[in-house]
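Have a look at the structure below before the remarks.
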Amino acid sequence: QSTLTIFGVLDASITSITNRAQNLSPLGGSVSLSRTDLANSRSASSRLGFMGQEDLGGGMAAAFWLEAPVTNDDGATGIATFSRRSTLSLLGTFGELRVGRDYMPVFVNDVLVDPFSFNGAGAALTFIANTGSRLDRVSRANNSIAYFLPPNLGGFYGQAMYALHEGTKQTLWTTPPPPNSTRTGRHIGARLGYAKGPLDIGVAVGRSTTGDDYSAGTTDKVQLASLGLTYDVNFAKFYAGVNRSKAGRDYARPPVSPLLDATLNSALIGVTVPVGVGVIRATYSRAVYDEHLNDNRPDPQASKIALGYLHNLSKRTALYATVARLRNKNGAAITIGGPAYLRSASLVPTTSTGYDFGIRHAF
Amino acid sequence: QSTLTIFGVLDASITSITNRAQNLSPLGGSVSLSRTDLANSRSASSRLGFMGQEDLGGGMAAAFWLEAPVTNDDGATGIATFSRRSTLSLLGTFGELRVGRDYMPVFVNDVLVDPFSFNGAGAALTFIANTGSRLDRVSRANNSIAYFLPPNLGGFYGQAMYALHEGTKQTLWTTPPPPNSTRTGRHIGARLGYAKGPLDIGVAVGRSTTGDDYSAGTTDKVQLASLGLTYDVNFAKFYAGVNRSKAGRDYARPPVSPLLDATLNSALIGVTVPVGVGVIRATYSRAVYDEHLNDNRPDPQASKIALGYLHNLSKRTALYATVARLRNKNGAAITIGGPAYLRSASLVPTTSTGYDFGIRHAF
Amino acid sequence: QSTLTIFGVLDASITSITNRAQNLSPLGGSVSLSRTDLANSRSASSRLGFMGQEDLGGGMAAAFWLEAPVTNDDGATGIATFSRRSTLSLLGTFGELRVGRDYMPVFVNDVLVDPFSFNGAGAALTFIANTGSRLDRVSRANNSIAYFLPPNLGGFYGQAMYALHEGTKQTLWTTPPPPNSTRTGRHIGARLGYAKGPLDIGVAVGRSTTGDDYSAGTTDKVQLASLGLTYDVNFAKFYAGVNRSKAGRDYARPPVSPLLDATLNSALIGVTVPVGVGVIRATYSRAVYDEHLNDNRPDPQASKIALGYLHNLSKRTALYATVARLRNKNGAAITIGGPAYLRSASLVPTTSTGYDFGIRHAF
């Protein structure tokens, strides 16, 4: 027998965010930009998907999962892509073989220890600190082949992923030279964990090839490492996670002035407390950039606190409210959303504050 | 319990339209452009959607509606967007709270009194006269929050909508100046009606902010007002509607030469007569533009007659045929579809005539 | 009663292709470009669709079919279009009337005699030889009206299609002149066949208007003719097909130096042999271009052999492996996929070799 399921999440909220820049000029004071949106995905990512499974006999099964992001506030994004997940699997006693587009193992390890699941005002700095830079967190990989351990290993779980770069190889150097970027797009990663009783601890590593130039003999990469754990003591569940991302460049021959590595270290601690049909969520997260420059400039960094309450109207529908405040130091310019900081020679990003008040419905 | 429904409409027709321009030059005569298409949506808009509802207990429910436009004649538009409707609702004895992208109240009031539901050759001038101008009818609003009265109010019904502009606010004037268009996209509207026995009468108003410039101190808006009614006397149902749309500009300080208002007044009368398993539909509609120019130029205007027959093969499948003729005066250039009029110094748009012959199927 | 079905195919494979160009310079040797992908659609085209049928009584039915291509390896293509098929049908004892976007009759006749169904490494030269040229095979037509014979004609089957060009017609010549391309997009085609016992034989013709210029008095067209047959003798099934495509230009008045016709003749023979739950597939195909130039240059041509095995894990899930080798002569540059040949004055495309190893799952 076989199944076909249509599933989804729609999440809508009133979201208001104010991003303040301090004025270092003699005028003093600060300038704030703020925006109030009817937003989507601030508690769980809005999506629509199709999944199915077919029993092949002998403990084997084939399964697929196609999941599209949806922007339900404006209807602009329908099922144009299955960019959230697009996989085909073969399952058996050996575990699961899964091919297509899917989350990278490090992302899975990181997101599971954020009580706000990297969504909305509450999203931990682990996630939001490294977008838009050399360290840009890429959550998913295309053209990947992944293996998942079977579920019955006494609490141990694990997964490994290899994503093909799909670059062109050439047997001889010619004029014109071969196309560049032959290794760009490759990802290799793995995650291993142990979940038993109240404890769930996981560790993951990954390496993405983000650029390369055959003629220059360079390869750009981002290396990721993550440790996360949760501990559940009935009246509360505790969360902790650390992530280290390093962007670097490998050279075929030693360069005179190499591009320096850039590192981002982030950590979060969180707690969720069930209260009747609801749950209180709180997190504190930090992120520190290190450009490894040989000067004595202090490292850009940010810290964030988030507090929220989610009220379940049913198993599938909930109301939620989240407030958060993020503080930048030493030149960091991270926001919790909304308009980018107003920046100039004398305007320096400081705090980003905001709230989400919304409803989410799963089907 | 909860439901998930996939629904849709596919409508295909042979549609042929001829648009004639009169030749004012000494040559005389006229030049016609005509086109015959395999068209879609000429009787009902082709679409594919997903909707669902979950009972939350206590008379409450959560519901969603995601509806995509589909071009079934060429397959070019799949479910890329949910631009027809994309909403999440909370329902109760208090009525319905609905957020996302949806029809504006004025549009709902207008479309319900057109026997051709603004589709195809029969679509009333109320709809087709104000596309492509400052008065451009926008049928739907993004980022909206709407409230609907509950259904059990002795025949009264009503709805109100507020759509967020999602513009950025700034606390202080700075150089560079703040982004413009901070209020553009806002819509506020409402509809109130009464339906009892043979009568259904509704009135609606709306105001859209279509542009603004903070530095210049101007705000562009379109104001809409609509009155519609239907009266059902078994052997026939009568329809009547009027709409007034006004595009204007507000100024922070009185300007020397302000932009003049532009107004579009439109009206329609119609009738449907059931004949066996089919229904005959006929409408007459008029539209008059007023640019409020201080000259004595006559107002551009158009009138249109449409006649059609829809033959139900089942509750969900029907064949239909519609013929229509539209006449422009004083420089109006409205068509019922097809190629735009050939225009030049001596070529003046006059009539647009055409027919649809098609099939529609709902699922 | 009526039905609504969601259906699809997901096909993923490791696909590796090497395209070799011979070096005619004194250096000799060759240069190969190769690429290994996680590919999709190499055994059956990945897709997701919605179809339904409604019984109208009296032997009549209404039916629809909306089918989207899906790229499951990267999730980049969701249900953005229904470009694989988008049709609405009326069925009865008279046969089927079908309107929208669908396969052209010649394509249907060709694809049914390729054991690899024009997918992946095994796709016959009939399909891959005429992409990217004046002879470009267009598989489907928009805005088409098709008629299919009913199924109970003693083995005879047939279909005819007319696709509207949807160009604009003008009653008088004017300045500026009327838009060109008024007939471009038109297609007319038909297929007739006979299937009884082990034999299935079909013939099809088609004519596509691919361009036209009213001012110059020219019309470009591609004329297609196809003959295909299969013969099933239990232990094996044999396949054979020939296709002739001719691109030409019609002139309103005889030109001094007309554009010469270009012709592509292709043929394939194939066999499938059931082996337990699997099936062995093998084909040999050839394609010869004739530019009808009045010189004595030999015609560019290519030949291809493909061998594969498909192992059914269930009715809906299969593993497959295919290897293929394609050889170009006299300047042809066809590949079985992968990177384009490296070409220069001295580099001449020769062979394209590759394999698919994958899984396909239908739902």
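The values are calculated or read from the model by the stated rules, or taken from the named source; none is laboratory data. What you see is a predicted model; the values in this text were computed from it and never measured. Here the Cβ is made from the backbone with ideal geometry for all residues, glycine too, and neighbour counts use every protein chain on show.
Odds and ends about this structure:
- Taken together, the residues in segment B:216-240 that are part of a strand (DSSP E or B) and more than 30 Å from B:Pro198 (Cα to Cα) amount to 6.
- Identity of the residue in segment C:272-286, surrounded by fewer than 16 Cβ atoms within 10 Å (Cβ to Cβ) and among the β-branched types (Val, Ile, Thr), that ends up farthest from C:Thr126 (Cα to Cα): C:Val277
- Listed by first and then second residue, the pairs linking a residue in segment B:129-147 that is under 11 Å from B:Ala287 (Cβ atoms) and polar (S, T, N, Q) to a residue that is at pLDDT below 80 and surrounded by fewer than 17 Cβ atoms within 10 Å (Cβ to Cβ), with Cβ atoms under 7 Å apart and 6 or more places separating them unless they lie on different chains, are B:Asn130/B:Asp136.
- Taken over segment A:91-129, the criterion of being part of a helix (DSSP H, G or I), at pLDDT 95 or above and buried (at least 24 other Cβ atoms within 10 Å of the Cβ) is satisfied by A:Pro105, A:Val106, A:Phe107, A:Asn109, A:Asp110, A:Gly120, A:Ala121, A:Gly122, A:Leu125.
- Qualifying residues in segment B:1-20 (those that are of a type in the set (S, T, N, Q) and free of Cβ contacts under 8 Å to residues at least 60 places away in the same chain) - the one nearest to the other protein chains (Cβ to nearest Cβ): B:Ser2
- Checked against the criterion of being within 21 Å of B:Ile128 (Cα to Cα) and of a type outside the set (A, V, I, L, M), the candidates B:Gly217, B:Gly248 yield just one match: B:Gly248.
- Boolean, C:Val203 is touching a residue at least 40 places away in the same chain (Cβ under 8 Å) and either over 30 Å from B:Tyr341 (Cβ atoms) or surrounded by fewer than 20 Cβ atoms within 10 Å (Cβ to Cβ) (or both): yes
- Taking every residue in segment A:210-238 that is closer than 25 Å to A:Ala190 by Cβ and pairing it with any residue that is among the acidic types (Asp, Glu), at least 6 positions away or on another chain, the pairs with Cβ-Cβ distances below 6 Å are A:Thr210/A:Asp220; A:Gly211/A:Asp220; A:Thr219/A:Asp212; A:Thr219/A:Asp250; A:Ser226/A:Asp110; A:Thr230/A:Asp200.
- Any hit, segment C:131-147, residues being within 21 Å of B:His361 (Cβ to Cβ), within 14 Å of chain A (Cβ to nearest Cβ), among the small types (Gly, Ala, Ser) and surrounded by 24 or more Cβ atoms within 10 Å (Cβ to Cβ): no
- Residue that is modelled with the highest pLDDT, among those in segment B:167-177 that are among the polar types (S, T, N, Q) and in a strand (DSSP E or B): B:Thr168
- Residues of segment A:139-166 satisfying the condition of being in a strand (DSSP E or B) and among the small types (Gly, Ala, Ser): A:Ala141, A:Ser144, A:Ala146, A:Gly158, A:Ala160, A:Ala163
- Among the residues of segment B:99-114, just one is aromatic (Phe, Trp, Tyr) and more than 14 Å from chain A (Cβ to nearest Cβ), namely B:Phe107.
- Checked against the criterion of being more than 11 Å from chain A (Cβ to nearest Cβ) and either of a type in the set (Ser, Thr, Tyr) or touching a His at 6+ places or on another chain (Cβ under 8 Å) (or both), the candidates C:Ser41, C:Ser34, C:Ser46 yield just one match: C:Ser41.
- Pairs, first closer than 16 Å to B:Asn119 by Cα and free of Cβ contacts under 8 Å to residues at least 40 places away in the same chain in segment B:68-81, second in a strand (DSSP E or B) and of a type in the set (S, T, N, Q), C-beta under 9 Å, six or more apart: B:Thr71/B:Asn40; B:Thr71/C:Ser86
- Those strands (runs of 3 or more DSSP E) of segment C:299-363 in which 3 or more residues are within 12 Å of chain A (Cβ to nearest Cβ) occupy C:317-329, C:347-362.
- Identity of the residue in segment C:148-170, at the interface with another protein chain (Cβ under 9 Å from one of its Cβ atoms) and aliphatic (A, V, I, L, M), that ends up nearest to C:His187 (Cα to Cα): C:Ala163
- Each residue in segment A:82-97 was checked for being facing chain C (nearest Cβ under 10 Å), touching a residue at least 40 places away in the same chain (Cβ under 8 Å) and out of contact with any Asp or Glu (no Cβ under 7 Å at 6 or more places or on another chain), and 2 pass.
- Pairs where the first residue, in segment A:173-197, is within 15 Å of A:Pro105 (Cβ to Cβ) and the second is among the basic types (Lys, Arg) and modelled with pLDDT of 90 or more, C-beta under 6 Å, 6+ apart: A:Ile188/A:Arg207
- Among the candidates B:Tyr341, B:Tyr284, B:Tyr355, B:Tyr289, the residue that is aromatic (Phe, Trp, Tyr), under 21 Å from the mean Cα position of the chain (by Cα) and more than 23 Å from B:Ser45 (Cα to Cα) is uniquely B:Tyr289.
- Only a single item in (1) in contact with a strand residue (DSSP E or B) (Cβ under 7 Å, 6 or more places away or on another chain); (2) more than 10 Å from chain A (Cβ to nearest Cβ); (3) more than 24 Å from A:Lys315 (Cα to Cα) is not met by B:Ala76, and it is number (1).
- Of the residues making up segment B:49-65, not one is without any contact (Cβ under 8 Å) to a residue 40 or more places away in the chain and within 12 Å of chain C (Cβ to nearest Cβ).
- Against the list (1) of a type outside the set (Lys, Arg); (2) surrounded by fewer than 13 Cβ atoms within 10 Å (Cβ to Cβ); (3) not in a loop (DSSP other than H, G, I, E, B), the condition C:Ser245 fails is (2).
- For B:Arg325, the test of being touching a residue at least 24 places away in the same chain (Cβ under 8 Å), in contact with a strand residue (DSSP E or B) (Cβ under 9 Å, 6 or more places away or on another chain), under 29 Å from B:Val279 (Cα atoms) and surrounded by fewer than 22 Cβ atoms within 10 Å (Cβ to Cβ) is passed.
- Conditions (1) away from chain B (no Cβ under 14 Å); (2) in contact with a Gly (Cβ under 8 Å, 6 or more places away or on another chain); (3) surrounded by 15 or more Cβ atoms within 10 Å (Cβ to Cβ): number failed by C:Thr210: (2)
- Unmet criterion (only one of (1) more than 14 Å from every other protein chain (Cβ to nearest Cβ); (2) crowded, with 20+ Cβ neighbours inside 10 Å) for A:Ala68: (1)
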